[in-house]
1. Assigning unit charges at the beta carbon (Lys, Arg +1; Asp, Glu -1) and nothing else, what dipole magnitude in debye, to the nearest 20, does the stretch 1-92 show about its Cα centre?
2. Just how many pairs of Lys in the chain have C-alpha atoms closer than 19 Å, counting pairs that are eight or more places apart or on different chains?
3. Compute the accessible area per residue over the chain, keeping the other protein chains in place, probe 1.4 Å, unit Å².
4. Charges only on Cβ, +1 for Lys and Arg, -1 for Asp and Glu: so what's the dipole of the chain about the Cα centre, in debye to the nearest 20?
5. Computing the accessible area with a 1.4 Å probe over protein heavy atoms, can you report the carbon and sulfur percentage for the chain?
6. Report the rotationally averaged projected area of the stretch 22-153 based on its alpha-carbon convex hull, in square nanometres.
7. What do you get for Rg/Rh over the stretch 97-184 if you use C-alpha atoms and the Kirkwood form of Rh?
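The values are calculated or read from the model by the stated rules, or taken from the named source; none is laboratory data. Every value quoted in this text rests on a predicted model; they were computed, and no experiment measured them. With ideal geometry, Cβ positions are generated from the backbone for all residues, glycine too; neighbour counts draw on all protein chains shown. Remember, those area values only see protein heavy atoms, side chains included, never the ligands or the DNA or RNA. Shrake-Rupley method; radii C 1.70, N 1.55, O 1.52, S 1.80 Å.
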Amino acid sequence: MRIAFLVAPEGVEQIELTDPWQAVGDAGGEPVLVSTEPGRIQAFHHLDKADTFPVQHVVGDVRADMFDGLVLPGGVANPDQLRTDPQAVDFAKEFFALGLPVAAICHAPWTLVEADVLHGRTLTSWPSLRTDIRNAGGEWVDEQVKICDGGPNTLITSRKPDDLKAFCEAAVGEFTKVTKQATR
């Protein structure tokens with residue numbers, strides 16, 4: 001199981017990157033950090049700088065078919081930057097076109113709003129995205145984790161860091177299903 005983690009150079013909520021990263025690794029998978037620029041990304045604890053992490057691939061140099069799924073961590077600034085980068089938006093959109101699972105937490109669905117992939121989908125997020133999701137054709141629900149199979153792929157979403165345990169379990173569960181199907 002090889003899972004892309006798409007983040008902007010700055011602004012990702014560290015725990016929303018590191019907890020799913022650890023969950024993928026613990027499940028025997030390979031988490032891969034993809035960003036819009038080479039070098040290191042700067043994570044945050046809410047508004048305070050946290051750790052930096054090395055970028056493994058620049059988004060323009062990889063394709064969705066090189067992975068079994070995608071994780072979009074939140075943080076307010078992270079998805080706000082990603083949604084203004086056409087290559088990042090196209091990369092996220094490719095996972096939907098290929099039927100590969102996508103897991104997004106907190107503010108991360110902003111990138112999916114920009115990718116125009118939420119029509120007819122049911123998802124959750126940080127509450128302030130509710131109107132953006134509805135305007136993009138999605139149905140917003142206030143749930144700890146939402147798994148939506150009502151589209152070309154499975155979409156796993158959660159609201160906030162407090163939901164990370166459920167989010168990680170659901171995401172890894174869906175990634176594992178795809179990996180098992182691919183090996184048959």
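1. Values: 5 positive and 15 negative charges, 22 e Å.
Magnitude of the dipole: close to 100 debye.
2. On the way: Lys49/Lys160; Lys146/Lys160; Lys146/Lys165; Lys146/Lys177; Lys165/Lys177.
Counting lysine pairs in the chain gives 5.
3. Working: 8080 Å² over 184 residues.
Dividing the accessible area of the chain by its residue count gives 44 Å².
4. Numbers: 16 positive and 27 negative charges, 74 e Å.
Magnitude of the dipole: close to 360 debye.
5. So the carbon and sulfur contribution to the accessible surface is 47 percent.
6. Details: hull surface 31.8 nm².
About 8.0 nm², averaged over all directions.
7. Numbers: Rg = 12.5 Å, Rh = 12.9 Å.
In the stretch 97-184, Rg relative to Rh is 0.97.
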